[in-house]
Ligand SMILES: Cc1cc2nc3c(=O)[nH]c(=O)nc-3n(C[C@H](O)[C@H](O)[C@H](O)COP(=O)(O)O)c2cc1C
């Protein structure tokens, strides 16, 4: 594995030398980047001798190689050990004023951050908010332990043990390859069924859950097709995004991309009904709405279920009552391999960019509560569960 080891300016920087040695000994190719602060605690010579490579300390050292982009691209993972409160804040904000923060911003590979600092700094709401921001973005935080700190007092903020850091690096790198070579299809967002050129039937979906699932699939190495209804939420740029408006367009785009998909996850809140007639001109108030009738839209999930040929098919059910009963019916009738159930009866659960709560059900009575969390975190939990269910069933068929 090729690892960028970023070392920042905390007392625990000396422990990074032992970590670097352990990585080299097990055969990893390590590039060490020291911040200016780190250089005050440990010498570049130590790391150069361990890695037998030059240690990088400045953005301006070899501009012809554009080191921050080259390293960000070449690495399988970036580990910042120890990470100061300052470095964590900079990464959370997207600041890029030295080599390491530039690498962190340019990288698309797993980022592992092991904080180490005085308890007061660690517990400060600013640091906690920054760590929460990083976690929500999928960064792995190796939690510090409680122990004897440099201030000669015991408290939280002690750098995690080397074994825990190595395990976190391995888990992140493994996760990044988990879906390598697989094609994942995700549908997301609402649809709009036109009444006339300015009015439509729709629902409150923002597509956030599907977008987060697509993002997580990309992070695990998949090729992702995202069929996306109208939303202002930005999808990940690495996905092949097809924008659609109506249920019919979503049906056509999804069915066109379904053959050969290894996994398909239908999160879209597709309108169940559409007006039988769409008026060519804006309907006037005094023309009334009498006679306006609705018809069923094509059932995308049922058709995916009928035609699935080796695709692991996952549905979503957003319900306001009896939600697991309805979901189990949907699981069976649409031939799904799993279904995620979302209780959207409350004001603060379900739609939008806020937190949500999911339960995953699969045939044969399988059930797992994914708990309540932000949608980025839920997407990670859901992928973990889905891949476990798929592996247990020993099926990619
Ligand atoms: C003796 C000493 C020890 C320090 N230890 C830590 C530490 O353990 N964790 C931390 O977050 N900051 C620590 N700091 C503060 C950082 O060095 C300071 O915030 C610096 O700007 C960090 O720069 P960097 O994040 O670019 O490496 C320490 C400072 C001094 C002078």
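None of the figures in this text is laboratory data; all of them are computed from the coordinates on show. Fair warning: this is a prediction, and the values are worked out from it, not measured in the lab. Reconstructed Cβ throughout: ideal geometry from the backbone, glycine too, with neighbour counts over all protein chains shown.
Can you pull the semi-axes for the chain, root of five times each eigenvalue of the Cα gyration tensor, sorted largest first, whole Å?
The equivalent ellipsoid of the chain has semi-axes of 46, 22, 20 Å.
Using 0.36 nm per residue, how much length does the chain from residue 164 to residue 14 gain when fully extended, once their Cα-Cα distance is taken away?
52.3 nm
For the chain, what is the percent of antiparallel DSSP beta bridges, rounded to the nearest 5?
30
Cut-off is 10 Å between beta-carbons; in what order do 330, 285 appear when sorted fewest neighbours first?
By the 10 Å Cβ count, ascending: 285, 330.
Hey, with R₀ at 30 Å, roughly what FRET efficiency would residue 153 and residue 40 work out to, going by the Cβ-Cβ distance, to 0.05?
0.85
Taking every eigenvalue of the Cα gyration tensor of segment 183-392, multiplying by 5 and rooting it, what semi-axes result, largest first, whole Å?
Square roots of five times the eigenvalues give 29, 18, 17 Å.
If packing is taken as the average number of other Cβ atoms within 10 Å across a peptide's residues, how do 293-305, 207-219, 69-81 rank, most packed first?
207-219, 69-81, 293-305
Highest first, please rank the peptides 135-146, 240-251 by the mean number of other Cβ atoms sitting within 10 Å of their residues.
240-251, 135-146
What length, rounded to one decimal in nm, is gained on full extension from residue 252 through to residue 89, with 0.36 nm per residue of separation minus their alpha-carbon distance?
Difference between extended and current length: 54.2 nm.
State the dimensionless ratio Rg/Rh of segment 209-315 (Rg: radius of gyration of Cα atoms; Rh: Kirkwood radius).
Dividing the radius of gyration by the Kirkwood radius yields 1.07.
Per 0.36 nm of contour for each residue apart, how much would the distance between residue 180 and residue 290 grow if the chain were fully extended, relative to their Cα-Cα spacing?
Separation in residues times 0.36 nm, less the Cα-Cα distance, equals 34.2 nm.
Specify whether the C-alpha gyration tensor of segment 2-177 places it in the rounded, prolate or oblate class, a ≥ b ≥ c being the square roots of the eigenvalues: rounded for a/c under 1.5, otherwise prolate if a/b is larger than b/c and oblate if not.
Here segment 2-177 falls in the rounded category.
For the chain, take the longest principal axis of its alpha carbons; what is the angle in degrees between that and the long axis of helix 208-219, to the nearest 10 within 0 to 90?
Taking the Cα atoms of the chain, the angle to 208-219 is about 50 degrees.
Quick check on the chain: helices-only [θ] at 222 nm, where DSSP H runs of length 4 and up contribute -39,500 (n - 2.57) each and the sum goes over total residues. Nearest 500, please.
-11000 deg cm²/dmol
Just order 331-338, 312-319 by mean Cβ neighbour count inside 10 Å, highest at the front, would you?
312-319, 331-338
Starting from the coordinates of the alpha-carbon atoms of segment 133-258, obtain the Kirkwood hydrodynamic radius over all distinct pairs and give the value in Å to one decimal.
17.5
Given a Förster distance of 41 angstrom, what is the FRET efficiency for residue 29 paired with residue 243, based on the Cβ-Cβ distance and rounded to 0.05?
FRET efficiency, residue 29 to residue 243: 0.50.
For segment 260-368, compute Rh as the Kirkwood radius over C-alpha pairs and then the Stokes-Einstein diffusion coefficient at 37 °C and 0.692 mPa s; write the answer in µm²/s, rounded to an integer.
Roughly 204 µm²/s, to the nearest whole number.
Once you place label points 7 Å from the Cα toward the Cβ at residue 281 and residue 66, how far apart are they in nm?
My value for the distance between the label points is 5.5 nm.
Compute the helix-to-body angle for 323-333: its Cα long axis versus the longest principal axis of the chain, expressed 0 to 90° and rounded to tens.
So the helix axis and the longest Cα principal axis differ by about 70 degrees.
In degrees from 0 to 90, rounded to the nearest 10, what is the angle of the helix 162-177 Cα long axis to the longest principal axis of the chain?
40
Please order 109, 32 by the number of other Cβ within 10 Å, starting at the fewest.
Starting with the residue having the fewest Cβ neighbours, the order is 109, 32.
Work out the FRET efficiency for residue 132 and residue 322 from their Cβ-Cβ distance, taking R0 = 25 Å, and round it to the nearest 0.05.
0.15
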